[in-house]
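Trainee: Structure below; questions to follow.
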Amino acid sequence: MFYFDEINRKHILRSDFLADINAFFTTRETVITSQEPEKEQAVSDNKKLICEYLGVRELISPVQTHSANVSYVQIGKTDYPDTDALILNNNKQAVFLNFADCTPVILYDKKQHIAAVSHAGWRGTAQKIAPKTVEAMNSNPEDIIAVIGPAISMCCYNVGEDVFNQLKSTVKIFDNLYKIKNDEKFVDLKSINARQLYEIGVKEIDICPYCTCCDNNMFFSYRKENATTSRHSAVVKL
């Protein structure tokens with residue numbers, strides 16, 4: 001179940017599925033990524049706030065390109081180009097990936113005590129980045145806890161025929177993952193990622209109810225805000 005928490009009276013979003021690690025999603029109040037000049041100070045202040053809260057010197061983030069490339073975080077390394085999933089297996093660092101409609105997937109292996117964050121837009125979802133991340137973690141899927149964060153929901157996410165068919169091909173059962181309204185196809189990216197994980201054997205999955213487009217007062221939406229550069233983030237520290 002998802003619930004709001006606070007860092008210094010600023011809201012973050014958590015799932016009680018991840019009680020054993022420090023993992024959360026930032027909101028508009030705790031934004032740590034934006035190219036908008038008016039948010040520059042807030043970004044700086046929030047990064048400092050979150051680093052102090054987590055007890056780290058810096059936050060590690062890759063250069064996201066809508067790929068299905070997965071990397072392990074290494075102590076002393078901060079540069080992760082062309083990477084859309086990071087795996088964390090030490091308690092010295094913290095990682096974050098950025099989102100504004102795309103689907104954040106946090107994965108935690110409760111046996112190995114390692115975690116990962118995957119960035120699953122439609123391209124990443126079509127390439128099954130979440131299952132690929134589980135594979136890269138060398139995890140038994142039954143040991144994985146998956147938390148799928150705030151993203152654009154089916155109510156607001158209409159796609160073309162090509163994208164629809166690519167997404168449909170990634171799961172065995174596509175029922176209830178789409179709807180057709182006024183001859184337009186709407187898909188549920190969050191649930192498609194959940195179905196992909198379920199079909200490889202992941203059983204513990206928490207899906208966020210918030211739509212970044214409908215709940216734009218709390219989260220950023222690339223579609224609704226005309227290609228905003230601001231992002232909410234998925235943050236993880238072991």
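Laboratory data are not the source of any read-out in this text; all were calculated from the coordinates shown. Remember, predicted model here, so these are calculated numbers, not experimental data. FYI the Cβ positions are ideal-geometry reconstructions off the backbone, even for glycines, and counts take in every protein chain you see.
Trainee: With a sphere of radius 14 Å drawn around the Cβ of residue 166, what net charge do the other residues whose Cβ falls strictly inside it have (Lys, Arg +1; Asp, Glu -1)? Before the final figure, lay out the partial values.
Mentor: Working: positive: 123, 128, 168, 185; negative: 161, 162.
After counting each charged neighbour, the total is +2.
Trainee: Taking the Cβ of each residue in 169, 118 as the centre, tally the other Cβ atoms inside 10 Å and list the residues starting with the fewest. Write out the running numbers ahead of the final one.
Mentor: Details: 169 10, 118 30.
Neighbour counts put them in this order, fewest first: 169, 118.
Trainee: Which of the trypsin sites (Lys or Arg not before Pro) across region 150-238 are loop residues per DSSP, with 12 or fewer other Cβ within 10 Å? Don't skip to the answer; put the middle values down first.
Mentor: Details: sites: 168, 172, 179, 181, 185, 190, 195, 203, 223, 224, 231, 237; in loops: 172, 203, 223, 224.
Those satisfying the criteria are 172, 203.
Trainee: With just the Cα atoms defining each centre, how far is region 20-51 from region 171-224? Give it in Å.
Mentor: Centre-to-centre (Cα) distance: 25 Å.
Trainee: What shape does the chain have by the C-alpha gyration tensor, where a ≥ b ≥ c are the square roots of the eigenvalues, rounded means a/c under 1.5, and otherwise prolate means a/b greater than b/c and oblate the rest? Mind showing how you got there, number by number?
Mentor: Details: a/c = 1.67, a/b = 1.20, b/c = 1.40.
It comes out oblate by the Cα gyration axes.
Trainee: Using the Cβ atoms and a cut-off under 15 Å, what net charge is assigned to the surroundings of residue 20, where Lys and Arg are +1 and Asp and Glu are -1?
Mentor: Values: positive: 14, 110, 111, 237; negative: 16, 109, 143, 204, 206.
It works out to a net charge of -1.
Trainee: Do any trypsin sites (Lys or Arg not before Pro) in region 1-57 lie in a DSSP loop with no more than 15 other beta carbon atoms within 10 Å, and if so, which? Could the numbers behind the result be given before it?
Mentor: Values: sites: 9, 10, 14, 28, 39, 47, 48, 57; in loops: 9, 28, 57.
Answer by residue number: 9, 57.
Trainee: Return the calculated 222 nm mean residue ellipticity for the chain, to the nearest 500 deg cm²/dmol, obtained by summing -39500 (n - 2.57) across DSSP H runs with n ≥ 4 and dividing by the residue count. List each step's numbers first, then the result.
Mentor: On the way: 5 runs with 47 residues, N = 238.
Helix-only estimate at 222 nm: -5500 deg cm²/dmol.
Trainee: A further question on this structure: Identify the GluC sites (Glu not before Pro) of region 35-129 meeting these criteria: DSSP loop state and at most 14 other C-beta atoms within 10 Å of the C-beta. Before the final figure, lay out each step's value.
Mentor: Working: sites: 38, 40, 52, 58; in loops: 58.
Of the GluC sites (Glu not before Pro), the ones in loops of region 35-129 whose Cβ has at most 14 other Cβ atoms within 10 Å are 58.
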